[in-house]
1. Under a Cβ-Cβ cut-off of 13 Å, what is the net charge of the residues other than V14 that fall near it, where Lys and Arg count +1 and Asp and Glu count -1?
2. Sorted by accessible area (1.4 Å probe), largest first, how do R8, R15 line up?
3. Give me the extension gain from A38 to L10: residue separation times 0.36 nm, minus the current Cα-Cα distance, reported in nm with one decimal.
4. Using a cut-off of 15 Å between beta-carbons, work out the net charge of the residues near V44 (Lys and Arg +1, Asp and Glu -1, V44 not included).
5. Probe of 1.4 angstrom, ligands and nucleic acids ignored: what's the accessible area per residue over the stretch 5-45, in square angstrom?
6. Mind checking which of F33, V88, G109 is farthest towards the positive end of the chain's charge dipole, using Cβ charges of +1 (Lys, Arg) and -1 (Asp, Glu) about the Cα centre?
7. Compute the angle between helix 83-105 and the longest alpha-carbon principal axis of the chain, please, reported from 0 to 90 degrees and rounded to the nearest 10.
8. Taking amide H positions as placed 1.01 Å from N in the peptide plane, with prolines and chain starts having none, which residues 5 or more places from A106, or on another chain, fall under 5 Å of its amide H?
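The values are calculated or read from the model by the stated rules, or taken from the named source; none is laboratory data. Just so it is clear, the model here is predicted, and its values are computed rather than measured. Quick reminder, even Gly has a Cβ in these numbers, built from the backbone with ideal geometry, and neighbours come from all protein chains shown. All accessible areas refer to the heavy atoms of the entire protein, side chains included, with ligands and DNA or RNA removed. Shrake-Rupley method; radii C 1.70, N 1.55, O 1.52, S 1.80 Å.
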Amino acid sequence: MSSAVSSRPLAAFVRTVLPAAIAAAVAVLVAYFLFDLAGADYTVTTSGSQSTVNAPMAGIMTLLMTLVGGGIALVIARRTARPGRTFVLLVALAVVVMAAGPLTSAQQGLTIAALEVLHLIAAATVLLIVLPRLGNSRTTPS
């Protein structure tokens, strides 16, 4: 059994998911500002209206989505025989689905690249922190 995934879900969440979500948000914000310095305008068009993805929005959405994703990882760890593999597949699927957003809503090439890279950074950060703690064997039953 992995030390992070235990019979105490809240403790596992605080010990595993919360640090991953904070690290992902910080990493995304750093990358956001680097792309901003490079000239990304972060303008997107959704449902016919134009808006700008700002730094707080990027950080908060990253934090919230990684908290949800990390929670799902803990559920997977409790219920599957190969939690690592299952979580990687789900994260890969989520990244592919999220890739459509910038490709269809942003006009500036640098903004498309920036938003795609931000998605990849968030996913990679969560995988790097959560995945080693999941293990590859079934954990305690619920």
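1. Values: positive: R8, R15, R133; negative: none.
So the surrounding residues net to +3.
2. Working: R8 160, R15 105 Å².
Reading off the accessible areas and sorting them downward yields R8, R15.
3. Numbers: separation 28, 0.36 × 28 = 10.08 nm, distance 4.05 nm.
Gain in length upon complete extension: 6.0 nm.
4. Result for the neighbourhood of V44: -3.
5. On the way: 2060 Å² over 41 residues.
Roughly 50 Å² per residue, with all protein chains present.
6. In the chain, that residue is V88.
7. It is inclined by approximately 10 degrees.
8. Correct list: T45.
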